Amino acid sequence: MFRQRARRPPALVEVESTPLVARLSEIGPVEIRQVRRTPEEALVNGLIAQHHYLGYSQPVGEHLKYLVTAGGRPIACFCWSSAPRHLGPRDRYIGWSPATRRANIRLLAYQTRFLILPWVRVPHLASHLLGRMSGRLSADWQHLYAHPIYFTETFVDPQRYRGTCYRAANWSELGMTTGRGKDCPTKRPNRSLKQVWGYALVKDFRRRLCQVDS
């Protein structure tokens, strides 16, 4: 029987890790680079694997990765992927039918990882980066996958975080997950509950996401 070869874990990477403790205005120009399909993708993979509490997981489907630098040194990373097909709080917030959800789910992006490196202590950096991302994500997605993004979402583990940076960046708390993964055979929770947060990239996101081309 054919078995798919397991992916190798990301290689260990080394970057400057001296503490960066400063105000946002003091760290110099902050650059955000989309690194999917570039040599720097391996650096993002390694940083996520080593420093994010969930580790690294290879995205499935459409996805983008970003490296954030200040003064040439890495300070943060983002990973975005195709959105989950079923997500009750989000689906109710958008107000779409099953047919429109199936037709337009590709117009959503899911933030799978957001990492500020542990030695970086810069107040308001997280919300600043979220705001910067909202201004470019759709164009970057269009460039690589030939369609825009109208709505973004993510999960926050309330046992670890309070979602402060998302609230400061004007994201909306949409509700809680059920704790049942897509492969759960029963209706009983099989994983921890997460807060669902969402952010619209266009004002008329509901109109765009609830229409089906004839």
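The numbers here are math on the coordinates, done by the rules we state, and not lab data. Quick caveat, the model's predicted, so the values are computed rather than measured. For neighbour counting, all protein chains shown are included, and Cβ atoms are generated from backbone atoms with ideal geometry for every residue, glycine included.
Counting neighbouring beta carbons within 10 Å and listing from fewest to most, the residues Cys210, Cys79, Cys165 come out as Cys210, Cys165, Cys79. Spacing of the modelled spin labels on His124 and Leu144, each 7 Å from Cα toward Cβ, amounts to 3.0 nm.
Put in line by how crowded their Cβ is, counting other Cβ atoms within 10 Å and starting with the fewest, Asp204, Asp157 read Asp204, Asp157.
Provide the FRET efficiency to the nearest 0.05 for the Arg7-Cys210 pair, computing r from the beta carbons and using R0 = 30 Å.
Details: r = 37 Å, r/R0 = 1.24.
The value I calculate is 0.20.
Label positions at Glu173 and Arg85, each projected 7 Å from the Cα along the C-beta direction, are separated by 3.1 nm.
Evaluate the charge dipole of region 22-209 about its Cα centre and quote only its size in Debye, nearest 20, assuming +1 on the Cβ of each Lys and Arg and -1 on the Cβ of each Asp and Glu.
Rounded to the nearest 20 debye, it is 620 debye.
Pick from Ile27, Ile48, Ile75: which residue has the top mean-square fluctuation in a GNM of the chain where Cα pairs under 10 Å get a spring? Greatest mean-square fluctuation among the candidates belongs to Ile27. Cβ crowding within 10 Å, taken as a proxy for footprinting-reagent exposure, orders Tyr166, Tyr56 from fewest neighbours to most as Tyr56, Tyr166.
Can you give the alpha-carbon Rg of the chain over 2.2 N^0.38 Å, where N counts its residues? Before the final figure, lay out each step's value.
On the way: Rg = 17.9 Å, N = 214, 2.2 N^0.38 = 16.9 Å.
So the Cα radius of gyration is 1.06 times the expected 2.2 N^0.38 Å.
Loop-located trypsin sites (Lys or Arg not before Pro) across region 32-118 with a Cβ neighbour count of 12 or fewer within 10 Å are Arg37, Arg85, with loop assigned by DSSP.
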